[in-house]
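To keep things clear, I will list the structure first and then write my remarks on it.
The values are calculated or read from the model by the stated rules, or taken from the named source; none is laboratory data. In this text the structure is predicted, and so the values were computed from the model without any measurement. Please note: Cβ atoms are built from the backbone with ideal geometry, for glycine as well, and neighbour counts cover all protein chains shown. All accessible areas refer to the heavy atoms of the entire protein, side chains included, with ligands and DNA or RNA removed. Shrake-Rupley method; radii C 1.70, N 1.55, O 1.52, S 1.80 Å.
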Amino acid sequence: MACVLEAPLRMSVLSEVTASSRHYVDRLFDPDPQKVLQGVIDMKNAVIGNNKQKANLIVLGAVPRLLYLLQQETSSTELRTECAVVLGSLAMGTENNVKSLLDCHIIPALLQGLLSPDLKFIEACLRCLRTIFTSPVTPEELLYTGPDHQTILFNHGAVQNIAHLLVSTSYKSLLLGRAPRAVRHGDSILLRGLQQFTHHDYCSNLSSDSGRWSVDCALVRMQALKCFSVLAFENPQVSMTLVNVLVDGELLPQIFVKMLQRDKPIEMQLTSAKCLTYMCRAGAIRTDDNCIVLKTLPCLVRMCSKERLLEERVEGAETLAYLIETDVELQRIASITDHLIAMLADYFKYPSSVSAITDIKRLDHDLKHAHELRQAAFKLYASLGANDEDIRKKIIETENMMDRIVNGLSESSIKVRLAAVRCLHSLSRSVQQLRTSFQDHAVWKPLMKVLQNAPDEILVVASSTLCNLLLEFSPSKEPILESGAVELLCSLTQSENLALRVNGIWALMNMAFQAEQKIKSDILRGLSTEQLFQLLSDSDVNVLMKTLGLLRNLLSTRPHIDHIMSTHGKQIMQAVTLILEGEHNIEVKEQTLCILANIADGTTAKELIMTNDDILQKIKYYMSHSNAKLQLAAMFCISNLVWNEEEGSQERQDKLRDMGIVDILHKLSQSSDPNLCDKAKTALQQYLA
């Protein structure tokens, strides 16, 4: 089995390889199994806390041999266990060490080891897996690719096997400390390995000499909680099951609520709140349930207070943001709980000048977590202000809030930038703030900068925000146009990312509303006829609707209608025909008929309809359609065509009468729908005038 290493690492350590390092590797190939075992044990002792020795052994090829010995059925259980321990120690070295282990395909070998009947060997494999999967260089998809793995765990009895651990008093468990991603996102093999531990009771005071550690039952409960939190995350199937699980006669949500109490460890409170939050967002618990409103939400707000550790404040704010993200009432309750909006302002005050002077370790800690705090605060502000105007006003009035958002848009951390854009997007839904705070701080400038060469996840939110800044009442609209927004937005409409296509055309639609003729011409020139047709044939109905909305806004006011139709009339009429003939929903066809009504309002443009018998027949067809919306839209077309105060009205009236339009108007004038009735009578009056 080849072990591929990065060239820089190989070259930097080869010169430092010592004779003793070679000796350790050579002993792995001894024909005497006992000497091999002793060699592995000696290697274990040599690498503990010695990164240079770890690197030497990796370069000398120890990893492939250790993995070979670990997987051989002829190897003794003790040898296989010691091999797993050494591999785990190597993984605790540098990130390059982890990369080397991954290149040697260590993960499949360790997972296979979980099928062993020996608990000590399973434990060694799991500890090694945990170390590897907590490394930032390990691709998560090696073990976890999505919700399917949650389902696999669920189908293999994870809920039943983990539930009893919540009330366990004494269980053997190696899942110490933070839950590794290997545990959080495992598959059925990993679960089977865990089951062998959870099905064996151990005394809490077993001696370390026997290789068994004393484990506090709270740690076991914590790991069980963490498993439930990741199983329930965005998974309705699991969440719906969890609400009905009984543990010693008590429902699981009730157990979670008990674990929220203030006398419980903070980590337990937080993780229980996560479980209930995820179950609520998955639809298993109502948002107005007391366990959410009176227990979970207040607990998460408590976690945002100054008294909590920075890590706890981050986790509390992010979980609360997720809980209230889509529910208006929860947003309102949270906004008035414990002065939360003002409390979050403190998230931007790290590192403090005091800690810089008095405590270097505290300063270093604050620096590491400062960006996480800002990210969490922006996320929570975004959720709080998603729907309520009064909440948005309170957020913006928080000290230096707009300056903080503007600064956040240019931070080096992509996560902070994304959270800041989300916050800005949430606040941009306010008409009042668009006219005042957004203009005072010229937020469009950093926003346009963000839109240049940003990752798609930021582009999606930033372009959504731009849509709001381009509404007709926004003072930012004009400077955004002057900064080259047309070209940028037209390029977004060509993106393979659906959300970006929607946002690009949506922003252009807003831009075209009541715009000057030059802006409309710039938009059409920037899009090109080919791209316009591409958008009108897009498989996504949102793209199609927004494109039709753009056309409708472009074709408004007679001079603009006539000018655009004189240059693009043939292509637009062709597009309209294709849509009316296609398999589209009522809303799409209604919007298309409204475009025709606008064209019919032009002075010269209406002739493009009158000389197109195919279009006229379609208008006639929709006048008698079973859907009142389509009938009314078709009626607007006819009214504009027969208006008698305009030149050529008599000829148009005569042609439409010959087509049988007047007969249809008489029928519609008797309609029970008041709108249709009135519109038909108005059109008939044009014939009588």
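With a Förster radius of 35 Å, plug the Cβ-Cβ distance of GLN160 and ARG286 into 1/(1 + (r/R0)^6) and report the FRET value to the nearest 0.05.
After rounding, the FRET efficiency stands at 0.90.
Compute the accessible area per residue over the chain, keeping the other protein chains in place, probe 1.4 Å, unit Å².
45
For each pair in LYS449/LYS520; LYS570/LYS667; LYS349/LYS445, compute the distance between the two Cα atoms and list the pairs where it is over 27 Å.
From the list (LYS449/LYS520; LYS570/LYS667; LYS349/LYS445), the Cα-Cα distance tops 27 Å for LYS570/LYS667.
Treating only the Cβ of Lys, Arg, Asp and Glu as charged (+1, +1, -1, -1), what charge dipole size does the chain show about its Cα centre? Round to the nearest 20 debye.
Computed charge dipole of the chain: roughly 1280 debye.
Which of the lysines could a cross-linker span from LYS264 if the Cα-Cα distance has to be under 17 Å and same-chain partners fewer than 8 positions apart are dropped?
The reachable lysines, counting only those whose Cα sits under 17 Å from LYS264, are LYS226, LYS274, LYS295.
Could you pull out every one of the aspartates and glutamates with an alpha carbon less than 12 Å from that of LYS606, ignoring same-chain neighbours closer than 8 positions?
ASP562, GLU646, GLU647
Give the residue from CYS280, SER476, LEU630 lying farthest towards the positive end of the charge dipole for the chain; charges sit on Cβ (+1 for Lys and Arg, -1 for Asp and Glu) and the dipole is referred to the Cα centre.
Of the listed residues, the answer is CYS280.
Using only the alpha-carbon atoms of the range 496-594, report the extent along each of the three principal axes, biggest first, to the nearest angstrom.
32, 28, 21
For an R0 of 25 angstrom, estimate the FRET efficiency from the Cβ-Cβ distance between THR567 and GLU516 and round to the nearest 0.05.
Efficiency, from the Cβ-Cβ distance: 0.95.
Once both axes come from the Cα atoms, what is the angle between helix 414-427 and the longest principal axis of the chain, in degrees from 0 to 90, rounded to 10?
Approximately 40 degrees, to the nearest ten.
Rounded to the nearest 0.05, what FRET efficiency do LEU688 and ILE586 give with R0 = 30 Å and r taken as the Cβ-Cβ distance? Could you check?
0.40
Starting from the amide H of VAL247, placed 1.01 Å from N in the peptide plane, find each other amide H under 5 Å away whose residue is 5 or more places distant or on another chain.
Here LEU252 satisfy the definition.
Full extension from GLU234 to ILE152: what is 0.36 nm times the residue separation minus their Cα-Cα distance, to one decimal in nm?
Once the chain is fully extended between GLU234 and ILE152, it gains 28.0 nm.
How far is helix 498-512 tilted, in degrees, relative to the longest principal axis of the Cα atoms in the chain, given as a value from 0 to 90 rounded to the nearest 10?
Helix 498-512 sits roughly 40 degrees off the main axis of the chain.
So if each residue of separation counts as 0.36 nm, and I subtract the Cα-Cα distance between HIS441 and GLU646, what length gain in nm does that give?
68.9 nm
How far is helix 558-581 tilted off the main Cα axis of the chain, in degrees rounded to 10, range 0 to 90?
Between helix and principal axis, roughly 70 degrees.
Would you calculate, for the chain, the mean residue ellipticity at 222 nm contributed by helices, counting each DSSP H stretch of 4 or more residues as -39,500 (n - 2.57) and dividing by all residues, to the nearest 500?
The per-residue figure over the chain is -20500 deg cm²/dmol.
Starting from a Cα-only point model with no solvent, please compute log10 I(q)/I(0) by Debye for the chain at q = 0.06, 0.10, 0.11, 0.12 1/Å.
Relative scattering, expressed as log10 I(q)/I(0), comes to -0.53, -1.06, -1.16, -1.25.
Checking the cross-link filter: which lysines have an alpha carbon closer than 18 Å to that of LYS518, excluding same-chain neighbours under 8 positions apart?
Within the straight-line limit of under 18 Å, LYS518 reaches these lysines: LYS477.
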